[in-house]
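This report concerns only the one structure given below.
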Amino acid sequence: MAADDRLTRSENELARRLRDAHRRVRSLRAPLAQRERLARRLLSICDVAKRDLGHAAGRLDLFLLDLDALVSDTPSAGNIAEGD
């Protein structure tokens, strides 16, 4: 049995969002130093999640907003079609 089988719904949701955020940072076309800084920030959110899910979820929300802003500031972001 995987350890994930015992997660509550909120723990599972936070874990999924953290995995998605890590994937986004890894695939980000940005200078190495910037990606490293983002990865360290994510690791700190993961560490907080061990003790306080609510606080970690709030920090992850802010992180994702910052990441979205960073991605929208890249030159190629103008090529992405807006949603309906």
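No value in this document is a laboratory result; all are computed from the given coordinates. Since the model is a prediction, treat every value here as computed from it, not as a measurement. A quick note on method: Cβ atoms are made from the backbone with ideal geometry, for glycine too, and the neighbour counts reach across all protein chains shown.
Per-structure values
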{"quantity": "At R0 = 25 Å, FRET efficiency that the Cβ-Cβ distance of Ala69 and Arg19 yields, to 0.05", "calculated": "0.75"}
{"quantity": "For segment 11-71, alpha-carbon Rg over 2.2 N^0.38 Å", "calculated": "1.06"}
{"quantity": "Length added when fully stretched, Ser27-Asn12, from 0.36 nm per residue minus Cα-Cα", "calculated": "3.1 nm"}
